[in-house]
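Participant: Quick one: this structure, given as structure tokens, is what I'll be asking you about.
The values are calculated or read from the model by the stated rules, or taken from the named source; none is laboratory data. Keep in mind it's a predicted model, so treat the numbers as computed, not measured. Using ideal geometry, Cβ is built from the backbone for each residue, glycine included, and neighbour counts are taken over all protein chains shown.
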């Protein structure tokens with residue numbers, strides 16, 4: 001059996017085997033209106049044209065894709081019933097699940113899948129996923145075939161990404177402009193009303209057909225059932241107001257409870273706190289085109305000076321886990337390769353490296369922003385730790401768009417840039433390490449002078465046929481990046497979600513999922 | 001009078017042209033662009049460049065300027081980059097929210113501010129006067145976001161009288177609107193109440209010392225008539241000027257209040273647009289708001305003529 005088919009078939013077979021013993025999920029209680037306090041404004045519900053988490057929060061309850069990820073981030077089938085991969089790995093044949101209907105009542109067919117891929121290729125935010133695809137076609141109403149230009153071992157991993165998924169829409173909406181897509185999907189929830197900046201209201205889609213290969217929800221797929229009558233996402237950007245809404249019962253669930261409010265809420269018997277471990281990896285990137293961070297010894301001196309506990313404590317108000325690498329602990333690809341260069345907190349070594357780097361007291365510009373408090377707080381601590389070893393620093397605080405734009409222009413005088421990677425590490429090593437690989441390497445190697453060892457490791461990560469080979473290449477690349485101080489990962493930040501105590505089945509996840517969740521009688 | 005209005009409207013045109021040019025220039029001068037907002041933290045530089053190309057913001061600035069003014073001349077304010085919605089439609093959809101909140105806050109301001117100011121002036125140097133001035137100082141000094149959060153904790157969480165936030169359109173549910181808008185309106189109004197009370201007090205004190213007030217009292221007119229008809233009517237001209245400024249402050253001050261109480265108004269819309277560099281939304285939204293405030297000021301001028309018969313705009 002071809003490898004990719006195995007990849008998808010493993011959880012599939014397991015769940016099929018389970019059907020004989022376990023009943024599919026059935027809502028113990030149906031009804032009720034759930035209101036969720038969301039922290040960020042939703043720019044648009046066009047899931048193809050937005051990578052905003054706020055969009056995904058809502059849209060992933062409405063739309064579905066051919067493939068997605070399970071609870072443990074494995075690719076699984078969603079709207080496809082089965083998948084055949086050709087022996088030469090150049091053709092993927094998806095057999096669609098039958099009886100699926102869109103929220104407008106129209107049955108889904110392969111023509112809709114073709115239209116969805118066509119639209120994504122034109123305006124999808126991650127349309128580079130399809131760069132190696134030669135074409136696609138639909139030999140019959142229930143079959144969709146992707147023809148590759150050349151074999152790509154990681155294609156299914158990329159296709160199942162939930163970052164900006166290729167969601168399936170009705171064919172007649174194929175020409176909707178970006179961010180103006182009609183919100184009609186196949187998921188268990190359908191849109192009732194959306195007022196940008198205020199709320200989005202969904203209702204249970206009674207025509208929903210759950211995936212029979214599973215018994216329960218898993219990740220973004222599985223056996224999904226809408227138990228509430230309606231779910232309303234209310235935009236509450238002020239953290240204090242979100243907490244107040246949860247306390248009064250106006251909101252039945254919220255995301256991002258401030259760490260300082262958590263102790264008070266813990267004592268409230270009406271509220272259940274749900275820590276979402278590994279929300280993002282807090283990280284600092286050096287500018288290797290600017291002095292003095294172009295010097296390896298100087299970058300190593302910075303690395304030696306850092307105390308990750310102090311930095312993460314300030315960044316997260318104590319809600320963190322130290323994490324050496326670019327995957328979250330527990331993920332299949334996780335490795336601690338390079339741990340010898342992590343969390344050294346050795347000022348003596350740092351001073352020695354500083355001396356050998358020839359550092360002459362140049363001011364190091366630390367670029368951070370206040371839109372994300374954790375990045376700002378982390379920068380404050382790093383600044384003090386660098387001052388302690390004798391580095392002259394200048395903190396440059398901007399807003400997020402300015403910070404991003406300056407990061408893209410290494411000639412604008414910054415040395416250390418603060419950011420965080422959340423979704424990409426959750427998607428896997430491949431999605432994460434693209435940030436450190438040419439042509440978009442985040443540490444900015446001078447043009448034409450990419451680190452050949454890093455480049456070789458990245459090529460192996462993307463091209464080696466065996467999963468083990470690719471994982472080994474990832475470990476090699478992570479070790480190289482840390483050894484040469486091309487990035488300084490600090491640790492993983494925990495985000496706290498919370499629900500009222502009468503809410504059953506809400507499990508913390510990268511987006512709030514409202515299927516298979518219900519009110520206790 | 002009609003001639004006056006036409007003149008004022010014509011003088012507003014260069015103001016609007018200047019505002020549009022300044023807004024366009026400022027938005028393109030400040031670093032950052034909408035690609036960062038659309039791409040989020042996970043976007044690679046390659047993806048950001050792709051977004052810029054898709055949006056056309058990688059084109060020379062003069063081409064963008066010509067397109068912008070070309071659209072304006074055709075009555076097209078453009079399309080919001082983030083919302084994918086027409087700028088005019090997005091702004092006008094939120095205008096009633098901000099206006100209703102501002103009018104509610106204005107009503108609170110006028111009732112409390114005028115009453116407190118008049119009472120303080122009539123009881124000059126009394127305990128009441130001192131209390132009113134202290135209250136006014138409190139209103140002016142206290143940060144509105146702090147007051148808003150305190151009100152949420154007290155009235156929503158502790159007492160459960162009012163909702164923590166959100167908005168209900170007045171026509172859909174007047175009682176729901178009143179419950180949802182009361183705390184935002186109070187937090188918005190408190191600063192202005194203090195301001196108006198102080199202005200009213202000082203203006204009334206000055207007016208009450210005038211000869212015509214003394215004459216009115218000497219004629220034996222009742223105190224209510226002296227204060228209400230003679231003193232207040234004369235004090236209203238400077239007060240009206242302040243009310244014009246207060247209306248501007250209420251609309252522009254709605255930014256913080258709308259954010260804390262999750263009210264989907266203009267303030268929240270424009271703040272989000274500025275932070276995310278949604279150029280068309282900021283440019284168009286500010287243009288509409290400027291036009292609105294110009295109209296408010298013309299309305300204030302009209303009020304002068306109603307309040308003071310000596311003011312006649314059509315006389316030469």
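Participant: Specify the residue that is farthest from the other protein chains (Cβ to nearest Cβ); the eligible residues are those in segment A:428-438 that are closer than 16 Å to residue A:75 by Cα and buried (at least 23 other Cβ atoms within 10 Å of the Cβ).
Facilitator: Filtering segment A:428-438 for residues closer than 16 Å to residue A:75 by Cα gives A:428-431.
Those left that are additionally buried (at least 23 other Cβ atoms within 10 Å of the Cβ): A:428-429.
Values: A:428: 13, A:429: 14 Å.
For segment A:428-438, the residue satisfying everything is A:429.
Participant: A further question on this structure: Quick one: which helices (runs of 4 or more DSSP H) lie wholly within segment B:86-156 and hold at least 1 residues that are more than 17 Å from residue B:257 (Cβ to Cβ)?
Facilitator: Working: elements: B:87-122, B:127-141, B:144-151.
Filter on segment B:86-156 gives B:87-122, B:127-141.
Participant: Suppose we keep only residues that are more than 9 Å from chain B (Cβ to nearest Cβ) and at pLDDT 85 or above within segment A:41-53. Which one would you say is surrounded by the most Cβ atoms within 10 Å (Cβ to Cβ)? Explain how you work it out, then say what you get.
Facilitator: Taking segment A:41-53 and keeping what is more than 9 Å from chain B (Cβ to nearest Cβ), we get A:42, A:45, A:47-48.
With the extra rule that they be at pLDDT 85 or above, the set shrinks to A:45, A:47-48.
Working: A:45: 25, A:47: 28, A:48: 24.
Restricting to residues being more than 9 Å from chain B (Cβ to nearest Cβ) and at pLDDT 85 or above, the top hit is A:47.
Participant: Across segment B:166-182, which residue is farthest from the chain's Cα centre (by Cα) among those that are surrounded by fewer than 16 Cβ atoms within 10 Å (Cβ to Cβ) and either closer than 21 Å to residue B:193 by Cα or not assigned by TED's automatic domain parsing to the domain that holds residue B:268 (or both)? Quick ask: steps written out before the conclusion?
Facilitator: Of segment B:166-182, the ones surrounded by fewer than 16 Cβ atoms within 10 Å (Cβ to Cβ) are B:169, B:171-176, B:178-179.
Next, only the ones that are either closer than 21 Å to residue B:193 by Cα or not assigned by TED's automatic domain parsing to the domain that holds residue B:268 (or both) stay: B:178-179.
Numbers: B:178: 19, B:179: 21 Å.
The residue in question is B:179.
Participant: Please determine whether any residue of segment B:184-201 is within 14 Å of chain A (Cβ to nearest Cβ), farther than 16 Å from residue B:109 by Cα and either touching a residue at least 60 places away in the same chain (Cβ under 8 Å) or part of a helix (DSSP H, G or I) (or both). Give the steps one after another, and end with the answer.
Facilitator: Taking segment B:184-201 first, the residues within 14 Å of chain A (Cβ to nearest Cβ) are B:184, B:187.
Those left that are additionally farther than 16 Å from residue B:109 by Cα: none.
No, every residue in segment B:184-201 fails to be within 14 Å of chain A (Cβ to nearest Cβ), farther than 16 Å from residue B:109 by Cα and either touching a residue at least 60 places away in the same chain (Cβ under 8 Å) or part of a helix (DSSP H, G or I) (or both).
Participant: May I pose another question? Please work out which residue is nearest to the other protein chains (Cβ to nearest Cβ), limiting yourself to segment B:35-70 and to residues that are touching a residue at least 40 places away in the same chain (Cβ under 8 Å) and surrounded by 19 or more Cβ atoms within 10 Å (Cβ to Cβ).
Facilitator: The residue in question is B:36.
Participant: Quickly run through segment A:395-414 and pick out the residues that are more than 9 Å from every other protein chain (Cβ to nearest Cβ) and in contact with a helix residue (DSSP H, G or I) (Cβ under 9 Å, 6 or more places away or on another chain). Before the answer, list the steps.
Facilitator: Start the filter on segment A:395-414 by keeping residues that are more than 9 Å from every other protein chain (Cβ to nearest Cβ), which leaves A:395-397, A:409-411, A:413-414.
Correct list: A:395, A:396, A:397, A:413, A:414.
Participant: Another question, then. Is at least one residue of segment A:253-263 surrounded by fewer than 17 Cβ atoms within 10 Å (Cβ to Cβ), modelled with pLDDT under 95 and within 14 Å of another protein chain (Cβ to nearest Cβ)?
Facilitator: Within segment A:253-263, one or more residues are surrounded by fewer than 17 Cβ atoms within 10 Å (Cβ to Cβ), modelled with pLDDT under 95 and within 14 Å of another protein chain (Cβ to nearest Cβ).
Participant: Before we move on, is residue B:83 within 14 Å of chain A (Cβ to nearest Cβ), under 24 Å from residue B:34 (Cβ atoms) and either in contact (Cβ under 8 Å) with a residue 60 or more places away in the chain or crowded, with 21+ Cβ neighbours inside 10 Å (or both)?
Facilitator: Details: within 14 Å of chain A (Cβ to nearest Cβ): yes; under 24 Å from residue B:34 (Cβ atoms): yes; either in contact (Cβ under 8 Å) with a residue 60 or more places away in the chain or crowded, with 21+ Cβ neighbours inside 10 Å (or both): yes.
When the stated conditions are applied, residue B:83 passes them.
Participant: Still on this structure: Output the number of residues of segment A:259-302 satisfying the condition of being closer than 30 Å to residue A:355 by Cβ and in a strand (DSSP E or B). Reasoning before the result, please.
Facilitator: Within segment A:259-302, the first condition is being closer than 30 Å to residue A:355 by Cβ, and the residues that meet it are A:282-302.
Filter once more, keeping what is in a strand (DSSP E or B): A:282-286.
Matching residues across segment A:259-302 total 5.
Participant: Give all pairs with beta carbons closer than 8 Å in which a residue from segment A:79-94 that is farther than 20 Å from residue A:109 by Cα meets a residue that is in a strand (DSSP E or B); count only pairs at least 6 apart in sequence or on separate chains.
Facilitator: Note: pairs meeting the criteria are A:85/A:91; A:85/A:92; A:85/A:93; A:86/A:92; A:86/A:93; A:89/A:148; A:90/A:147; A:90/A:148.
Participant: Give the residues of segment B:178-194 that are under 14 Å from residue B:258 (Cα atoms) and in contact with a helix residue (DSSP H, G or I) (Cβ under 7 Å, 6 or more places away or on another chain), sorted by residue number. Write out each step before concluding.
Facilitator: At the first step, the residues of segment B:178-194 found to be under 14 Å from residue B:258 (Cα atoms) are B:180-189.
Listed by number, the residues that qualify are B:181, B:183, B:184, B:185, B:186, B:187, B:188, B:189.
Participant: Let me ask you something else. Is it fair to say residue B:163 is part of a helix (DSSP H, G or I), buried (at least 22 other Cβ atoms within 10 Å of the Cβ) and within 14 Å of chain A (Cβ to nearest Cβ)?
Facilitator: Working: part of a helix (DSSP H, G or I): no; buried (at least 22 other Cβ atoms within 10 Å of the Cβ): yes; within 14 Å of chain A (Cβ to nearest Cβ): yes.
No: the conditions fail for residue B:163.
Participant: Considering only segment A:226-244, state which residues are within 20 Å of residue A:504 (Cβ to Cβ) and either crowded, with 22+ Cβ neighbours inside 10 Å or not assigned by TED's automatic domain parsing to the domain that holds residue A:55 (or both). Break it down stepwise before answering.
Facilitator: Applying the first criterion (within 20 Å of residue A:504 (Cβ to Cβ)) to segment A:226-244 yields A:226-233.
Once the filter is applied, which keeps residues that are within 20 Å of residue A:504 (Cβ to Cβ) and either crowded, with 22+ Cβ neighbours inside 10 Å or not assigned by TED's automatic domain parsing to the domain that holds residue A:55 (or both), segment A:226-244 yields A:226, A:227, A:228, A:231, A:233.
Participant: I would also like to ask the following. Restricting attention to segment B:281-288, does a residue exist that is away from chain A (no Cβ under 14 Å), surrounded by fewer than 23 Cβ atoms within 10 Å (Cβ to Cβ) and either modelled with pLDDT under 85 or closer than 21 Å to residue B:106 by Cα (or both)?
Facilitator: Among the residues of segment B:281-288, at least one is away from chain A (no Cβ under 14 Å), surrounded by fewer than 23 Cβ atoms within 10 Å (Cβ to Cβ) and either modelled with pLDDT under 85 or closer than 21 Å to residue B:106 by Cα (or both), which makes the answer yes.
Participant: I'd like to check something: does segment A:183-193 contain any residue that is part of a loop (DSSP other than H, G, I, E, B), within 14 Å of another protein chain (Cβ to nearest Cβ) and at pLDDT 95 or above? Give the steps one after another, and end with the answer.
Facilitator: Going through segment A:183-193, the residues part of a loop (DSSP other than H, G, I, E, B) turn out to be A:183-188.
From the residues that got through so far, the ones that are within 14 Å of another protein chain (Cβ to nearest Cβ) too are A:183.
Okay, now just the ones that are also at pLDDT 95 or above, so A:183.
Yes.
Participant: Just the residues that are touching a helix residue (DSSP H, G or I) at 6+ places or on another chain (Cβ under 8 Å) and either facing chain A (nearest Cβ under 8 Å) or surrounded by fewer than 19 Cβ atoms within 10 Å (Cβ to Cβ) (or both), please, taken from segment B:25-34. Even if it seems obvious, please write down each step before you answer.
Facilitator: Going through segment B:25-34, the residues touching a helix residue (DSSP H, G or I) at 6+ places or on another chain (Cβ under 8 Å) turn out to be B:27-28, B:30-34.
Passing the criteria: B:28, B:30, B:31, B:32, B:33, B:34.
Participant: Follow-up question, since we're still on this one. Considering only residues that are assigned to a helix (DSSP H, G or I) and facing chain A (nearest Cβ under 9 Å), look in segment B:259-273 and name the one that is surrounded by the most Cβ atoms within 10 Å (Cβ to Cβ). Reasoning before the result, please.
Facilitator: We begin by selecting, within segment B:259-273, every residue assigned to a helix (DSSP H, G or I); these are B:259-260, B:266-273.
Keeping just the survivors that are facing chain A (nearest Cβ under 9 Å) gives B:259-260, B:268-269, B:272.
On the way: B:259: 22, B:260: 26, B:268: 27, B:269: 30, B:272: 23.
So the residue we want is B:269.
Participant: Here's a check for you: in segment A:242-293, which residue that is out of contact with any strand residue (DSSP E or B) (no Cβ under 8 Å at 6 or more places or on another chain) and free of Cβ contacts under 8 Å to residues at least 12 places away in the same chain is farthest from residue B:256 (Cα to Cα)?
Facilitator: A:267
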